[in-house]
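The values are calculated or read from the model by the stated rules, or taken from the named source; none is laboratory data. Bear in mind that the values here come from a model prediction, so they are computed numbers and not experimental data. Quick reminder, even Gly has a Cβ in these numbers, built from the backbone with ideal geometry, and neighbours come from all protein chains shown. The area values use the complete protein model at the heavy-atom level, side chains included, leaving out ligands, DNA and RNA. Shrake-Rupley method; radii C 1.70, N 1.55, O 1.52, S 1.80 Å.
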Amino acid sequence: MGKARPQIVLYSLDDNRAESLTSDKYESFSPSFSADGDWLYFLSNRQFVSTPTSPWGDRNLGPMFDKRTQVFAIALNEDARFAFQKPNELLSKPAKADDDEIETEVEWKGLASRLWQVPVAAGNYSSLQMADDKFYLLDTTTSGKSSLKVVKFDPLNPKVETFAKDVGEYQLSQDSSKLFIRKQSKQGSEMLIVDAGDKLPKELTNANVQTNLWQLAIEPASEWQQMFEDAWLMHRDSFYDKSMRGLDWQATKAKYQPLVDRLTDRHELNDLFTQMMGELDSLHSQVRGGDAPKDADKAKSANLGARLEQTKAGVVIEHIYHGDPELPLQAAPLKQMGVNAKVGDIIVPINGKTLSNIADVTRFIRNQSGKQVLLQLKRGSKTHQTIVKPVTASANAKLRYQDWVNHNSTKVSNDSEGKFGYLHLYAMGRGDIASFAREFYANYDKQGLIIDV
């Protein structure tokens, strides 16, 4: 590995010698030896074509380089014949060696300079694996969909062809005769073993791995002890502060580990992790995932995207969450077009059921997210009906968050008489750069800009 980017390094066990075959100028990865032992193929990100082309437009923050990965090969000795070298009158036909004669011979002098490039189009490639007369690799689109590609040895017109779509992971057998494939969209539930040919067979009935026949003996208590040990070790070895922010990490382990024996399910182990990691008081030390039990029939809460208040008159809509008024589809349920609801309205019945408190609202719209719910609202001395579609708890949390952001933006604008802009960044993900592009260019010509991260 280089200082900043992965490199390809060849190491000889017999000679106890290592040599870097690539620099850290480009990311180089996924090495694989050819079947004849004369070549080391690898992938490297060396093509940079701007998307979009210039000019970038008013919302594009800069160029994005898609399809950077190309395929390269290093000849391990001077006699190696490149499978993709175009024939000419000076080249003899390559000799075919018997399997018993295959032996990797490395000529170290000038090794890194014997670099060839496979003349195929660049892509978002990964997981290169060499077969006898071809190689396989994964290709992933910018949307995250990946497919398995195959490139046959062809000195005249090599092509990157699709072996199979929807492949999340694959593995070539040791003798290059079979391929193990895990489907991407099936989340690991569909796995295949097929012949390592040029295309996925049409008939796959007998190719499915029979996972229904697998049996595993599981001892949760033992697994939880190992998970606890691993989580503690990962923090000890990988935490940014070797002094663990002054916390005695060994004593912290001794404090929490006895509780592992009292756990009854995976949720409780996560809770124990949360308490232990929480003592570090550090961001991005998170607990999530795991084989926690799930109840498919569990009731799911829904929300109206508003704050409600219990008064003597009944349940009142105190505040409806505000988002971007120019994005109507993202509005809170009570602010959606066609919904007749205002702050101060009193909710009388929901779907014909009379309510007496806020808890009844939660109960009556349970499992109703995305469904039509009939509200009867009292406004002054009159009542009327309106249809609303509640949202999930997570969507409601996002609406509440956006309401807070909108409140800050409005306050900055009012207090500065429109001279200052406000930009909030929640995190550093895909949606956050979209939010930055949306808000920054709407405020970049203001006299000042408050950036709230």
Output yes when any residue across the stretch 205-213 is open to solvent by 100 Å² or more (accessible area, probe 1.4 Å) and aliphatic (A, V, I, L, M), and no when none is.
yes
Conditions (1) surrounded by 14 or more Cβ atoms within 10 Å (Cβ to Cβ); (2) within 25 Å of the chain's Cα centre (by Cα); (3) under 27 Å from residue 47 (Cα atoms); number of the one not met by residue 118
(2)
Looking at 247, 259, 216, which one is hydrophobic (A, V, I, L, M, F, W, C), more than 30 Å from residue 138 (Cα to Cα) and open to solvent by 90 Å² or more (accessible area, probe 1.4 Å)?
216
Restricting the stretch 272-319 to residues that are charged (D, E, K, R) and over 29 Å from residue 361 (Cβ atoms), the residue that is least open to solvent (accessible area, probe 1.4 Å):
279
Among the candidates 402, 372, which residue alone is closer than 14 Å to residue 331 by Cα and open to solvent by 50 Å² or more (accessible area, probe 1.4 Å)?
402
Any chance residue 234 is open to solvent by less than 30 Å² (accessible area, probe 1.4 Å), modelled with pLDDT of 90 or more and closer than 21 Å to residue 291 by Cα:
no
Do we have any residue at all in the stretch 355-369 that's over 21 Å from residue 396 (Cβ atoms) and not basic (Lys, Arg)?
yes
Among the residues of the stretch 51-93, how many are open to solvent by less than 40 Å² (accessible area, probe 1.4 Å), out of contact with any Asp or Glu (no Cβ under 7 Å at 6 or more places or on another chain) and assigned to a strand (DSSP E or B)?
6
So residue 397 fits all but one of (1) surrounded by fewer than 12 Cβ atoms within 10 Å (Cβ to Cβ); (2) under 32 Å from the mean Cα position of the chain (by Cα); (3) within 26 Å of residue 297 (Cα to Cα); what number is the exception?
(1)
Would you mind stating whether residue 224 is in contact (Cβ under 8 Å) with a residue 12 or more places away in the chain, part of a helix (DSSP H, G or I) and either touching a Lys or Arg at 6+ places or on another chain (Cβ under 7 Å) or small (Gly, Ala, Ser) (or both)?
no
Six or more apart or on different chains, Cβ under 8 Å: which pairs go from a residue in the stretch 428-453 that's among the basic types (Lys, Arg) to one that's surrounded by 13 or more Cβ atoms within 10 Å (Cβ to Cβ)? Could you list them?
446/420; 446/421
I'd like the residue in the stretch 138-152 that is within 13 Å of residue 166 (Cα to Cα) and in a strand (DSSP E or B) and, out of all such residues, is farthest from the chain's Cα centre (by Cα).
149
Restricting the search to the stretch 16-29, which residues are in contact (Cβ under 8 Å) with a residue 12 or more places away in the chain and open to solvent by 30 Å² or more (accessible area, probe 1.4 Å)?
17, 19, 20, 23, 24, 25, 26, 27, 29
Flag if residue 10 is open to solvent by less than 60 Å² (accessible area, probe 1.4 Å), hydrophobic (A, V, I, L, M, F, W, C) and free of Cβ contacts under 8 Å to residues at least 40 places away in the same chain:
no
For the stretch 405-437, how many residues meet the condition of being part of a loop (DSSP other than H, G, I, E, B) and either touching a strand residue (DSSP E or B) at 6+ places or on another chain (Cβ under 6 Å) or at positive phi (or both)?
2
Of all residues in the stretch 405-436, which are under 16 Å from residue 330 (Cβ atoms) and of a type in the set (A, V, I, L, M, F, W, C)?
405, 434
Scan the stretch 437-453 residue by residue and report those that are open to solvent by 50 Å² or more (accessible area, probe 1.4 Å) and under 20 Å from residue 397 (Cα atoms).
453
Looking at the stretch 65-88, which of its residues are under 33 Å from the mean Cα position of the chain (by Cα) and either closer than 14 Å to residue 128 by Cβ or touching a residue at least 24 places away in the same chain (Cβ under 8 Å) (or both)?
66, 67, 68, 69, 70, 71, 72, 73, 74
